[in-house]
Amino acid sequence: MVPVSEQLEPQGAGGDPAAATPLPGPPAVEEPRRKNGGEWCPGSGESGALPRAAAEEARRSPSRPGSAAVPEPPEGGWGWVVMLASMWCNGAVFGIQNSCGVLFVSMLWLFGSSDDKQLVFKTAWVSSLSMGMVFFCSPIVSIFTDLFGCRKVAVIGAAVGLVGLLSSSFVSTIEPLYFTYGILFACGCSFAYQPSLVILGHYFKKRLGLVNGIVTAGSSLFTVSLPFLLRVLIDSVDLFNTLRVLCILMFGLFLAGFTYKPLVPNTKDKEGGKKGKFILPPAKKICNFSVFKVLSYRIWALGIPAALFGYFVPYVHLMNHVKERFGDSVPEEVLLLCLGITSGVGRLVFGRLADYIPGAKKIYLQVASFFFIGLMSMMIPLCNVFGALVAVCLFMGLFDGCFICIMAPIAFELVGAQDVSQAIGFLLGLMSVPMTVGPPIAGLLRDKLGTYDVAFYLAGVPPLIGGAILCFIPWLHERQKLKERAKPDDRETTEKMLENESTLVSDTTEKPGKELDSGF
């Protein structure tokens, strides 16, 4: 559909509709303008006499100097390179985070002592703080991404993450890791990760679900391979040199950020215009809390965090649980392999499936995924055979991939492309609290009770509650859309009533004149 500003091209100086001037000649009788398909159509009168709403739209149109039209996503081209770079970003960030179980066991052995009765609780804070900070920084990352663009934010974030990971390899106690690994490295990962999701919307629209599935599958590929690599490296060159080897992944992430060529101008470019000066936009533009006015988004932003209190518990504690229950007779890294493989399959399959599910009904996929994730978590303590635990991890990984890959498409559906960056940022920020708190609580229960059974049972409850909350969103979203569609009809009805009223008034004023004429 052609924008209003293109249909109603002003003829005045500088493209300003206020400066549009009619050609000289006899005055023309202007017909009333009516809405057609939600847009104002000009009547047979003067081209300069525009309705107020259309004039305002034309002033905001890209025809003004210093403004730029938002291009249609090319659905390919350089976008495929961006997709691969984003895939590497997801792999480097979440491959390391999801393999934290291997690092967790190594930290217990390296920093632990038999006298420390809260060893598991204190060590769990390193991994959970790291994962939580990745999401906690997301609202801030959204603001910086809107101000300075995806490329600059991603490159600087990768550099900070590289410094944090490298500095973690020089500590001698567990406490400094809270800052170097849990905060500095994680914040850098957050600044590098979120632009990799936002930039995809610049290049893809019709294939966005599939592309998101491919990109998020990058973390699955790394999750499959990294546990075995980390185990070999730790056994060969110790934990600290292993962290230095992982810095290679972060350097690759630093290079990948340079491929994020923006197609949509950021706020810095919009405010500065052609002069190249950076004018700080108003606070309302920097922190766009208007997304919370959307009821369906508010419920989504509540339901997702509610479901995630137990989400990260298996990734942190599953390896140690297997070691305690089965000893060294089984390769516990196989479980992370199963999680990674089926998670990648789930992201590809459900990402493609989401493209065929209309509107907010995509959320039903997340509801199903949370139900199965919660159920599988509760089944972990019941598995007395290692093969059963493998089967549980296969199903858990499949639906974990489903939950992750459709987050961005759902955000686009609920708030639209204009506000999606900060919508995702606020959601990830809210997700940070349960993901940070969950694993330490599970570690505390393990220290107090001597077993992980209760921790895994409780970890399965929040996904069931969160999934139940999300069930209402598609119905509420459709109801809100119907209300918005009804508003233009109400305005049109009011305009017709006013038009009929003016016609009646004009008829009553004409009748006395006619009677006087007949009297003369």
Practice problem: Of the numbered conditions (1) out of contact with any Lys or Arg (no Cβ under 8 Å at 6 or more places or on another chain); (2) touching a residue at least 24 places away in the same chain (Cβ under 8 Å); (3) over 22 Å from Gly310 (Cα atoms), Glu484 fails exactly one; give the number of that condition. | Solution: (2)
Practice problem: Name the helices (runs of 4 or more DSSP H) wholly inside segment 85-155 in which the number of residues that are acidic (Asp, Glu) is 1 or more. | Solution: 138-148
Quiz item: So which of Ile357, Ile299 ends up being open to solvent by 20 Å² or more (accessible area, probe 1.4 Å), aliphatic (A, V, I, L, M), outside any helix (DSSP H, G or I) and more than 27 Å from Gly95 (Cβ to Cβ)?
Solution: Ile357
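Okay, residues lined up against (1) over 20 Å from Gly429 (Cα atoms); (2) surrounded by fewer than 19 Cβ atoms within 10 Å (Cβ to Cβ); (3) touching a residue at least 60 places away in the same chain (Cβ under 8 Å):
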site	(1), (2), (3)
Val102	yes, no, yes
Leu110	yes, yes, yes
Trp125	no, no, yes
Met131	no, no, yes
Phe135	no, no, yes
Ile140	no, yes, yes
Arg151	yes, yes, yes
Gly157	no, no, yes
Ser167	yes, yes, no
Quiz item: Which number in (1) at pLDDT below 85; (2) farther than 29 Å from Leu445 by Cβ; (3) out of contact with any Gly (no Cβ under 9 Å at 6 or more places or on another chain); (4) open to solvent by 20 Å² or more (accessible area, probe 1.4 Å) marks the one condition that Ser329 misses?
Solution: (2)
Quiz item: Pairs, please: C-beta under 6 Å, at least 6 apart or cross-chain, first residue without any contact (Cβ under 8 Å) to a residue 60 or more places away in the chain and more than 16 Å from Leu246 (Cα to Cα) and in segment 206-228, second among the basic types (Lys, Arg) and part of a helix (DSSP H, G or I)?
Solution: none
Practice problem: Kindly establish whether Leu389 is under 26 Å from the mean Cα position of the chain (by Cα) and at pLDDT 80 or above. | Solution: no
Quiz prompt | Tally of residues being within 23 Å of Phe191 (Cα to Cα), open to solvent by 60 Å² or more (accessible area, probe 1.4 Å) and at pLDDT below 65 across segment 236-281 | solution = 5
Exercise. Mind listing just one residue for me: the one in segment 169-216 that is open to solvent by less than 10 Å² (accessible area, probe 1.4 Å) and hydroxyl-bearing (Ser, Thr, Tyr) and, of those, farthest from Ser343 (Cα to Cα)?
Key: Ser169
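The values are calculated or read from the model by the stated rules, or taken from the named source; none is laboratory data. Not measured: the values here are computed from a predicted model. Here Cβ is always computed from backbone atoms with ideal geometry, including for glycine, and neighbour counts include all displayed protein chains. With ligands, DNA and RNA removed, areas are computed over all heavy atoms of the protein, side chains included. Shrake-Rupley method; radii C 1.70, N 1.55, O 1.52, S 1.80 Å.
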